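Below: the structure, in structure tokens.
The values are calculated or read from the model by the stated rules, or taken from the named source; none is laboratory data. In this text the structure is predicted, and so the values were computed from the model without any measurement. Note: ideal-geometry Cβ built from the backbone for every residue, glycine included; neighbour counts use all protein chains shown. In case anyone asks, the SASA skips ligands and DNA or RNA and just uses the protein heavy atoms, side chains included. Shrake-Rupley method; radii C 1.70, N 1.55, O 1.52, S 1.80 Å.
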Amino acid sequence: MMKLKDEQVETVHETEQDRMLEEGKREPIIILKDVAKEYKSGVHALKNISLRIDKGEFVFIVGTSGSGKSTLMKLLLKEIEPTTGSIYVNGFFVHRIRRKQIPKLRRTMGVVFQNFRLLKDRSVYQNIAFAQKAIGVPAVRIRKRVAEVLSMVSLIDKVHAKPMELSGGEQQRVAIARALVNQPMLLLADEPTGNLDPANSWEIMDLLEEINKMGTTVVVVTHNREIVDAMKKRVITIEKGEIISDEQRGGYTHGEY
Ligand code: ADP
Ligand code: MG
């Protein structure tokens, strides 16, 4: 990838975008090129990862525990730095941007985790409104937007509840609403159904699919073989830090899980 000054990044992105539209290609939202991550402990969590995800895709990332899936997510969020290689997400050359620009990068993404990560002493409303307050959205607009995302996840009636008063599936739906409140281009979910029973897992996956159909790119790390096989989406399989398969309309068919 070219060496560029930070202020040039957005311009280059637009040029790149024009070029691809001319060529009739879809626009990439994530590009990893020859990415490796070795932790200080000496663990090679990712080796030689190159991959591209386009705007509008729904992608599953599967693989055994310890194969490097969460490391990949953390690299996209710039929570950790790659040892080598280049990472592009949503108009940012992630491996190069300055610390000051990290919040701007992260605002283009919504993130959902296995353990929900809601603020326990705050209401559903406050949990969701928080992300809007942080970027200075006026109170009137926050109220409107929180109502919108809560209706998207069918939880309007729980707006004043505390997370403890909700089921696991409901808590995850709140976390999804929170992830969507700032209208991200990209939604990353790291084992979002890991703590849920099958019925709730399906509800969450159906919701993620619906969000994808409305235009958000969705990347889901999961162990849920049944769901992956049924949904017929693109499936990227990671094993020991390497991509061992990448299939459109794939299934959870590689290796023993
Ligand atoms: P997965 O999400 O697929 O279970 P991870 O990306 O969490 O895998 O971990 C990949 C490998 O990197 C594992 O061997 C794990 O023990 C190691 N690892 C993860 N995080 C760290 C860290 N902060 N320091 C050292 N090793 C780590
Ligand atoms: Mg993980």
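List of remarks:
- Think of the chain as a dipole: +1 on every Lys or Arg Cβ, -1 on every Asp or Glu Cβ, centred on the Cα centre; then among 154, 207, 181, 181 lies furthest on the positive end.
- 125, 252, ranked by accessible area, largest first (probe 1.4 Å): 125, 252
- Full-stretch length increase - residue 104, residue 214 - with 0.36 nm per residue and alpha-carbon distance subtracted: 37.3 nm
- Rounded accessible area of residue 55 (nearest 10 Å², 1.4 Å probe): 60
- Whole-number percent relative contact order across the chain, with pairs defined as alpha carbons under 8 Å at least 6 apart: 24
- Antiparallel DSSP beta bridges within the chain, percent to nearest 5: 50
- Counting only residues at least eight positions apart within a chain, or on another chain, the lysines with an alpha carbon under 29 Å from that of residue 133 are 55, 74, 78, 100, 104, 120, 144, 158, 162, 213.
- One equal scatterer on each Cα of the chain, no solvent, Debye formula: the resulting log10 I(q)/I(0) at q = 0.09, 0.11, 0.15 Å⁻¹ is -0.41, -0.62, -1.15.
- Exposure ranking of 160, 95, 223 by accessible area [1.4 Å probe, largest first]: 160, 223, 95
- Model label sites at residue 135 and residue 41, defined 7 Å from Cα along the beta-carbon direction, differ in position by 3.4 nm.
- Value of relative contact order over segment 148-207, rounded to a whole percent, pairs C-alpha under 8 Å and six or more apart: 38
- Overall form of segment 137-207 per C-alpha gyration tensor (a/c, 1.5; a/b vs b/c): oblate
- Computed from the alpha carbon atoms alone, the convex hull of segment 23-172 holds 171 Å³ per residue.
- In Å², nearest 10: area of residue 58 left accessible to a 1.4 Å probe: 10
- Charge dipole (debye, nearest 20) of segment 91-242; +1 at Cβ of Lys and Arg, -1 at Cβ of Asp and Glu: 1220
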